[in-house]
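Okay, structure first, notes after.
Values in this text are rule-based calculations from the coordinates and carry no lab data. This structure is a prediction, so every number in the text was calculated from the model and none was measured. When we count neighbours, we look across all protein chains shown, and the Cβ atoms used for this are built from the backbone with ideal geometry, even at glycine.
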Amino acid sequence: MSRQPVKGSLPPRDNRSAFLLDVHKRGIPGVERMRRYADDDEVDLVIVGAGAGGGTLAQRLARRGWRIVILESGPFWDPDRDWVSDEAGQHKIYWTAPRVIGGSDPVELGKNNSGHGVGGSMIHFAGYAPRFHPSDFETFSRDGVGADWPLTYWELKPHYEKVERELPVAGQDWPWGDPHSYPHAAHPISGAAEQGRRGALAAGIDMKIGPVAIPNGTFGNRPHCIYRGFCLQACKVNAKASPFVTHLPDAIEHGVEVRADAHAVAVEATGRRATGVRFMHHGYERFQKAKAVCVSGYSIETPRLLLNSGIRNHDDQLGRYVMVQGATQMAARFPDQLRQYKGPPPEISSEQFYETDEARGFARGFSIQTVGPLPIDWAQHVLADGHWGHALREYMRDYNHWTTLGLLCELLPRAENRVTLADETDEHGMPVAHFDYSQCDNDRANIAYGTQVLKNIWEAADAQDVLKIDRYAHLVGGCRMGTAPENSVVDSDHRVWGYDNLLVCDGSVMPTQGSANPALTIMALASRLAERITSGR
Ligand SMILES: Cc1cc2nc3c(=O)[nH]c(=O)nc-3n(C[C@H](O)[C@H](O)[C@H](O)COP(=O)(O)OP(=O)(O)OC[C@H]3O[C@@H](n4cnc5c(N)ncnc54)[C@H](O)[C@@H]3O)c2cc1C
Ligand code: SF4
């Protein structure tokens, strides 16, 4: 038997994306010779959105011979050409189209919530890749809040394992939820994260390194992370995972057309069958014919598109139960220079407070993670704590002495937190999304408790000063999955109730959100869906 030296870790089976990339260029090779389909060529599937859900689903089905077009509203990035190592220069990767917000606790939308362009929001996601806990799939049965999913953690587990190898995920052995290990060992951590870990340990809180979707070492033709701290502005190195480097190269190699700058305005359907998608492309309206349609535009845009398409919604479920996580952050000052920008923002995390503990007086819980605000974000932290003028300048000058921890609090799904269509229209003549959001008492108690825990950590670490900013993170829900049209928009196989061939595959299908970041679960759901479709279930 001949032995060949292998550089980096072993590849996952059934996905060669990391090996299809060019060592010397960051764009996806093969885009020039990508397969193109005519509008009247009835493809097997048209997917709206080239993000976590859409990109993963396309890769899986293309490998099984499906002819697929992905319509993506944003551009086809070439990182060498388009991305810059500059905080202000990267606003192009955010979804900044107008939206109307309301409710008693409105959610600021924009850079913190969703992305735009091939690769979707993971182009600028931080990189945390935790699994959900088994309890997340049955919060109603266990804790009397939220909703039970129509599937269990154990059905998703093989897909978590697959996707963790594809990204790949690096981290210490994970003791929380369903204890598991990761394909890559943990990264070294920065001095800034070390302060958080020291404080947590002193406060009796266990923190682990990871889990992050950043290979520890080279992975195929993807290079090692250079710890430059720009994960939230897009990784120009191609070290951090996103569908752009983890699934779309393999999808394109297997015949998928990713049609960029193609903004879907309506799904067309006759009776129980979707027939294709109307979309705007360089100022012209076109129609892509398809045997099946999957909407993967994320939690605001997916319900908006389906509402605008007049999709049957007898039980008024479409657009409801949109969730965000309470993401208060607390920064702490130390005498040493810590330079929190050196290293990826995701470094260490704790899920010790994830599950319900009745003694705390509220249901469900939160996780704690490092974050690494760059200077513009840092200015927002300082402002949020009430400092302005001379004080703001002094805090900005002092940036290198600070380190930051954040919460992800599980805020509960509520029917009134919903997306509807506003009266205003966008540049395509499509009604803008209106998103109302209000917290409940359980949400407020959760955030207050978590904030006190952050304070305890920094006190235990002997921090000299702290700054607090209240904020939200992530989006899920809006087209949740369930057991019947009265309680959901899609069934457990992501099929919209009342349609045979209309699917939703993205963060909008999630009935609860746990205290974990959602991207890995969205990809695992897409992987499971592809398996179920192709095995005829
Ligand atoms: C700043 C930030 C940090 C984050 N950090 C983390 C993290 O550390 N860990 C984690 O797990 N998650 C994180 N997330 C969240 C994660 O990135 C998202 O949950 C995930 O990418 C959502 O996947 P999706 O498939 O639902 O949608 P997306 O990945 O957002 O893909 C949707 C795509 O659809 C396109 N689209 C929408 N409407 C249309 C239309 N009408 N026509 C054509 N195309 C359309 C969009 O342009 C977009 O490319 C972060 C998100 C942000 C914004
Ligand atoms: S810290 Fe690593 S993963 Fe993040 S942007 Fe830099 S090179 Fe990429």
What is the angle, in °, between the Cα long axis of helix 441-460 and the longest principal axis of the Cα atoms in the chain? Nearest 10 is fine, range 0 to 90. 40 degrees
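So how do 37-47, 404-414, 248-258 stack up, highest first, on mean other-Cβ count within 10 Å?
Numbers: 37-47: 18.0, 404-414: 26.4, 248-258: 23.7.
Order by mean packing, descending: 404-414, 248-258, 37-47.
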Counting Lys +1, Arg +1, Asp -1, Glu -1, what net charge surrounds Val432 among other residues with beta carbon under 12 Å of its beta carbon? -3
Segment 100-201: which GluC sites (Glu not before Pro) are DSSP loop and have at most 12 other beta-carbon atoms within 10 angstrom? Glu108
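List the relative contact order of segment 36-534 as a percent without decimals, with contacts defined as Cα pairs under 8 Å and 6+ residues apart. Numbers along the way, then the final one.
Working: 1257 pairs, mean separation 121.2, N = 499.
Computed over segment 36-534, the figure is 24 percent.
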If you find the alpha carbon centre of segment 99-135 and of segment 387-406, how far apart are they in angstrom? 26 Å
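Could you sort out which of Lys208/Lys455; Lys92/Lys240; Lys111/Lys240; Lys157/Lys236; Lys157/Lys291 sit more than 22 Å apart by Cα distance in this structure?
Values: Lys208/Lys455 19 Å; Lys92/Lys240 19 Å; Lys111/Lys240 18 Å; Lys157/Lys236 31 Å; Lys157/Lys291 30 Å.
Long pairs (Cα-Cα over 22 Å): Lys157/Lys236; Lys157/Lys291.
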Taking the highest mean first, how do the peptides 520-529, 449-458 order by number of other beta carbon atoms within 10 angstrom per residue? 520-529, 449-458
